[in-house]
Amino acid sequence: MGWMGPVVDDQEHEGWVVPLFADGAQGAGTTSARGVLIVRRPDDGPCDGDRVRLAYRDGCTAEGIWQDGTVIGGDGIMPGNAGGQVHCEVIEEADQWRPDAEVVGWVAGCTCGWRGTPWTRVPPRLADPAARRLAVAGPWAELEAADENRVRQEWRQHIAGWQALEDVKEAATRQAAAARALDEAVRAALAAGASWADIGQVTGMTGRSATERWSARD
C-alpha cells in the first residue's frame with residue numbers, strides 16, 4: 001500500500017499501484033526478491049501452501065497443508081476430495097508470489113475495492129502514457145516515479161469528494177477548538193481586569209459587540 005486517504009463510515013481509502021497479470025490475478029503492492037505478492041480473492045479456493053481444515057460427515061476433522069489437491073498432515077497424505085469430506089476451510093493463507101516479468105499492466109486501486117482503468121505494460125520503445133502504455137526499466141515491475149504519479153492521480157480523483165468533505169470536517173474541528181480557546185482567553189482577560197472595550201479592540205469589534213457576544217456566556 002502507499003497512499004493514505006480519508007476514512008469514510010469506518011472505511012479506509014488507502015490507494016496503491018496494483019500490478020495486473022494475464023489471468024486476472026492482482027498484486028498487493030508488495031514486491032521482493034521473490035517477485036510480486038498476490039492479493040487473495042474471497043472466492044479463491046485453497047492454494048498450495050495454505051493450512052486447511054477438512055471436515056467429514058462423521059464429525060471428524062483433519063488439518064494439514066494443501067498441496068496439488070491433497071492435504072499433507074501428520075497422518076500423511078489425505079485426498080482433498082475424499083468422498084466423506086463435506087467442507088474444506090482455509091485457516092491460514094500462504095503468501096503467493098509471482099515473477100515481476102509476468103506483470104502485464106497496472107491499475108490504481110483502493111482498499112474500498114475500487115479499481116481504475118488499466119495501464120498496459122509495453123517495451124520501452126512503445127511507451128506512450130497518453131495511450132495508457134507504460135514501460136519499466138529492466139525485469140522489475142515497479143513503475144518510475146512519474147508513471148506512478150500518473151496512476152496515483154486517478155486514485156486522487158476517486159477520493160476527491162470524500163477528501164473534500166474530510167477537509168471540511170477537519171477545518172470545522174479546528175474552528176470549534178479555536179472558538180473555545182478564544183472564549184477561555186476572553187474570560188481570563190476579564191478576570192485580569194480588561195474592559196469590554198479592550199476585548200473589542202483586540203478582537204476586531206466594538207466593545208458593545210464584544211459584550212453581546214461574550215457576556216451571556218459568563
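The values are calculated or read from the model by the stated rules, or taken from the named source; none is laboratory data. The model shown is predicted, which means the values in this text are computed figures rather than measured ones. Heads up, the Cβs are rebuilt from the backbone with ideal geometry, glycines too, and the neighbour counts pull from every protein chain shown.
Data table
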item: Contacts under 6 angstrom Cβ, first residue in the stretch 12-33 being buried (at least 18 other Cβ atoms within 10 Å of the Cβ), partner acidic (Asp, Glu) and at pLDDT below 90, 6 or more apart; result: none
item: Test: residue in the stretch 145-152 that is exposed (fewer than 11 other Cβ atoms within 10 Å of the Cβ) and either out of contact with any strand residue (DSSP E or B) (no Cβ under 6 Å at 6 or more places or on another chain) or aromatic (Phe, Trp, Tyr) (or both); result: yes
item: Of the criteria (1) surrounded by 11 or more Cβ atoms within 10 Å (Cβ to Cβ); (2) among the acidic types (Asp, Glu); (3) not in a loop (DSSP other than H, G, I, E, B), which one residue 184 fails; result: (1)
item: Only listed residue being surrounded by 13 or more Cβ atoms within 10 Å (Cβ to Cβ) and touching a His at 6+ places or on another chain (Cβ under 8 Å), chosen from 155, 196, 162; result: 162
item: Residue 112, sole failed condition from (1) under 21 Å from residue 14 (Cβ atoms); (2) outside any loop (DSSP other than H, G, I, E, B); (3) modelled with pLDDT under 90; result: (2)
item: Number of the exception - residue 27 against (1) more than 33 Å from the chain's Cα centre (by Cα); (2) modelled with pLDDT of 75 or more; result: (1)
item: Unique residue being part of a loop (DSSP other than H, G, I, E, B) and at pLDDT 85 or above when the list is 48, 43, 58, 95; result: 95
item: Among residues of the stretch 187-218, those that are small (Gly, Ala, Ser) and assigned to a helix (DSSP H, G or I), counted; result: 10
item: All positions within the stretch 1-24 that are in a loop (DSSP other than H, G, I, E, B) and at pLDDT below 80; result: 1, 2, 9, 10
